[in-house]
Amino acid sequence: MTVARRLAPVAAAVALTLAALAGAAAAHAQDQRPNVVVLMTDDQTVDDLAAMPATRRAFVRHGVRFADSTVSYPVCCPSRASFLTGRYAHNHGVMGLYLPTGGYARFNDLDALPVWLQRVGYRTVHLGKYMNGYGSDRPAIVPPGWSEWYTAVDPTTYRMWNYTLNVNGELITYGGPGEEPERLYQTDVLRDFALDAIRRAAGDPQPLFMTLSFLAPHHEEGPVRARTGVTVRPAPRHRGRFATAALPRPRGFGERNRSDKPKFMRRFAPLDAAAIARMTAEYRARQESLLAVDEAVDAIVRELEATGQLESTYLLFTSDNGYMLGEHGVSNGKMLPYDPSARVPLLLRGPGIPARRTVREPVSNVDLAPTILELSGASAAGGLPIDGRSFMRFARQPRRRSARMVLHETGGLRATSLQPEDDTGAVPVRNVRTYRAVRDDHWLYVVYRSGERELYDLWRDPYQLRSRHRDRRYAPTKRALHAELQRLSTCRGRPCRLGPTTEIPDPFDGRFEPETARRPTPGAPRRR
């Protein structure tokens, strides 16, 4: 069915919304549990928040910012599986993007967050991207646990127009070849579905759990690139807004001396003028695509306020992974353990959350599900143990610290893509060796499948420019971190949440080498 044939159902939905609003006060008297709304982007970096003033106002002025938030597996499908289960990939089993090792077909959606929340009376709503491979087989299926479902189906997920949504079991295509009106832009369509769900929640005795997963700033699929010459398309009203923006060049951009890096990293050619031009165009389009997301976030916050629900709603904003544009000489990509790839924005506001505060405790996306379980009063009883932990105690007391380290892991393929796509948009499977890593605010230790290693002292080298894995002074540190990596690589449940079994030694005992000092020792002493 096309959009044009949906005018009558939309009118009916408006009538239902008006009726629902009339019963708002009585409904909320029945259930005082909070709403939880998760807003997720795709491939957004921490620095990309600079393009989103409304989002910064909504969250930073009224909530907390997590300064050290990372994802356990820096690529979309495994990362999203960790969000929905609170488990590391070696436990939830989604170890890649597609079969046989990954993709939606590998995900056990009977043992996941929406099922747990629905079990205790939440109305669960998902909008937007779900997981790679969803819809390629039986696209009309609505996974268990979801009360409402407005989800992009493959192979159209990575399109801003001419995409198909599964709307509660009905497949609806928005736009077509050459039919690209602004009203059908995917971000805007998802925004409107979300606003309608929020209006109806005001009169619903059930609390709301909603996940809204935007495609932006991820690139579109190959045919779009072949036709238009671009990888990311913003809404028409935003085109050109960043036309003169310069490509950021942080420390480590175009890193030439990669002798401390693994062999595959040393093979990349220096960034030339053509690569810089391509990256600049991609950067500008990515920023412009986030403007529609920023408008959507603003509209959602305003709708929650207008319907009297804002003060009883927890809102989280995050991304499934970061993205690299020139850092360490990598022209584009993710998957790597370095900060531009593994760090993501994480913002939180809601009842009892202090305003304008920064949390420096390291957190991971495996912590999202247990946090939501705490807020909702639900549990994952009957399923696999949860690896993550709630971060609410750190949100409420931002100066609080712990000694836990978090795990990064990749797998399922011998390697994955780090090169620019070709003209068809085909993604080559090559270049990035799979690895496992542990990190906290002080250390990042990586072991690759090849046996190569990296060790970064993040207090003295926050941009990961000088691996210390060959530095004899760091040998005791490396041994302790390797033991922690071995422990976390096979952990399940409570052991994943504990701190290291032995102290991680600092060869300089907290002192800084003058030639490498870049920032002060962070935060208050950590509790063990």
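Among the numbered criteria (1) more than 25 Å from the chain's Cα centre (by Cα); (2) at pLDDT 95 or above; (3) in a loop (DSSP other than H, G, I, E, B); (4) surrounded by fewer than 20 Cβ atoms within 10 Å (Cβ to Cβ), which one does D423 miss?
Answer for D423: the failing condition is (2).
Residue by residue, here is whether (1) among the hydrophobic types (A, V, I, L, M, F, W, C); (2) out of contact with any Lys or Arg (no Cβ under 9 Å at 6 or more places or on another chain); (3) within 30 Å of T211 (Cβ to Cβ) holds:
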{"site": "S259", "(1), (2), (3)": "no, no, no"}
{"site": "A273", "(1), (2), (3)": "yes, yes, no"}
{"site": "L291", "(1), (2), (3)": "yes, no, yes"}
{"site": "E295", "(1), (2), (3)": "no, no, yes"}
{"site": "R302", "(1), (2), (3)": "no, yes, yes"}
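Being in contact with a helix residue (DSSP H, G or I) (Cβ under 9 Å, 6 or more places away or on another chain), of a type in the set (A, V, I, L, M, F, W, C) and not in a helix (DSSP H, G or I) is the filter here; which residues of the range 51-67 pass it?
Within the range 51-67, M52, V64, F66 qualify.
Search the range 107-139 for residues being in contact (Cβ under 8 Å) with a residue 60 or more places away in the chain and hydroxyl-bearing (S, T, Y), and hand back the single one that is surrounded by the fewest Cβ atoms within 10 Å (Cβ to Cβ).
So, considering only residues that are in contact (Cβ under 8 Å) with a residue 60 or more places away in the chain and hydroxyl-bearing (S, T, Y), the one surrounded by the fewest Cβ atoms within 10 Å (Cβ to Cβ) is T124.
Of the residues that sit in the range 367-400 and are of a type in the set (D, E, K, R) and buried (at least 21 other Cβ atoms within 10 Å of the Cβ), which one is nearest to P345 (Cα to Cα)?
Applying the filter and picking the extreme gives D367.
So, R159, is that one over 18 Å from A216 (Cβ atoms), assigned by TED's automatic domain parsing to the domain that holds L215 and basic (K, R) or not?
It is false that R159 is over 18 Å from A216 (Cβ atoms), assigned by TED's automatic domain parsing to the domain that holds L215 and basic (K, R).
Tell me, which residue of the range 297-355 that is part of a helix (DSSP H, G or I) and under 20 Å from I372 (Cα atoms) is nearest to the chain's Cα centre (by Cα)?
Residue satisfying both the conditions and the ranking: V297.
The values are calculated or read from the model by the stated rules, or taken from the named source; none is laboratory data. Keep in mind it's a predicted model, so treat the numbers as computed, not measured. Cβ atoms come from the backbone with ideal geometry, glycine included; neighbour counts cover every protein chain shown.
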